[in-house]
Amino acid sequence: MKMINIGFGNLVNADRIIAAVSPESAPIKRIVQEAKDKQICIDATYGRKTRTVMIADSGHVILSAIAPASVAGRTADSSNDAEDDCDE
């Protein structure tokens, strides 16, 4: 199981994340609002501006204050770490 740090010490399972997108478009804003209404939205921004919206395979929507590129980079870093562990 690979965990990604999404800021402020919060971790998510990388295997469960389907998408990490910017919250600027109207369809993503709609997804976030619907998730909040259904109480399946996890806000990990600590009151800061939402910069990444992650959608999990369970339907949960996770909000993070770090940029989507950073989340993608951390995903790549965690997979490289796992490959390094296998080489040893």
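Worth pointing out:
- Rounded to 10°, Cα long-axis angle of helix 68-87 versus longest principal axis of the chain: 30 degrees
- Taking a sphere under 12 Å around the Cβ of LEU11 and counting the other residues whose Cβ falls inside, with K and R at +1 and D and E at -1, yields a net charge of +3.
- Accessible area per residue was computed with a 1.4 Å probe on protein heavy atoms; ILE42 scores about 80 Å².
- Only lysines eight or more places from LYS49 in sequence, or on another chain, were considered; those with a Cα closer than 19 Å are LYS29, LYS36.
- For region 23-75, the alpha carbon convex hull comes to 80 Å³ per residue, rounded to a whole number.
- Acute angle (nearest 10 degrees) that the helix 26-38 long axis makes with the longest principal axis of the chain, alpha-carbon atoms: 90 degrees
- For region 1-53, the pair-distance distribution built from all alpha carbon pairs, in bins 5 Å wide starting at 0, is 4, 17, 25, 30, 18, 5, 0 percent.
- Relative contact order of the chain, defined on C-alpha pairs under 8 angstrom at six or more residues apart (%): 32 percent
The values are calculated or read from the model by the stated rules, or taken from the named source; none is laboratory data. All values derive from a computational prediction rather than experimental measurement. Ideal geometry is used to build each Cβ from the backbone, glycine not excepted, and the neighbour counts take in all protein chains shown. Remember, those area values only see protein heavy atoms, side chains included, never the ligands or the DNA or RNA. Shrake-Rupley method; radii C 1.70, N 1.55, O 1.52, S 1.80 Å.
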